[in-house]
1. Could you compute the net charge surrounding ASP17? Neighbours are other residues with a C-beta less than 14 Å from the C-beta of ASP17; K and R count +1, D and E count -1.
2. To check my understanding: the extent here is largest minus smallest coordinate of the Cα atoms along each principal axis. What are those three numbers for the chain, in Å, largest first?
3. Would you list, by chain and number, the lysines whose Cα falls below 22 Å from the Cα of LYS5, excluding same-chain residues fewer than 8 positions away?
4. Can you list the residues of segment 10-45 with backbone N under 19 Å from a point 7 Å past the Cα of PHE63, pointing along Cα to Cβ?
5. Leaving out ligands, DNA and RNA, what percent of the accessible area of the chain is carbon and sulfur, probe 1.4 Å?
6. Can you give me the relative contact order of the chain as a percent, contacts being Cα pairs under 8 Å and 6 or more apart?
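The values are calculated or read from the model by the stated rules, or taken from the named source; none is laboratory data. Computed from a predicted structure; not experimentally measured. Glycine also receives a Cβ, built like all others from the backbone with ideal geometry; neighbour counts cover every protein chain displayed. The area values use the complete protein model at the heavy-atom level, side chains included, leaving out ligands, DNA and RNA. Shrake-Rupley method; radii C 1.70, N 1.55, O 1.52, S 1.80 Å.
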Amino acid sequence: AYIRKYGSRIKQVHFKDNLEPKNPGTTVPLGNGIVDLKSAFAAAGEINAEWLIYEQDTSKDPFKDAADSLKFMKSL
């Protein structure tokens with residue numbers, strides 16, 4: 001709802017997934033947490049966002065997590 005409400009002002013959407021709200025230490029690869037990324041992706045498409053940016057604060061294997069997150073984004 002936030003993306004759609006302010007869509008005329010949004011050019012970039014940052015995608016981040018986590019296991020616990022408000023705890024950046026629990027970030028996980030996209031699609032493995034509790035964030036409704038499918039709806040956010042749909043809204044970003046509706047407002048014609050110029051950039052979709054992947055973020056993950058913590059990782060034991062950043063290259064694998066980035067690859068897994070890219071695979072998830074491509075599946076949307």
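1. -2
2. 37, 25, 16
3. LYS16, LYS38
4. 29-30
5. Within the chain, the accessible surface is 55 percent carbon and sulfur.
6. The value is 37 percent.
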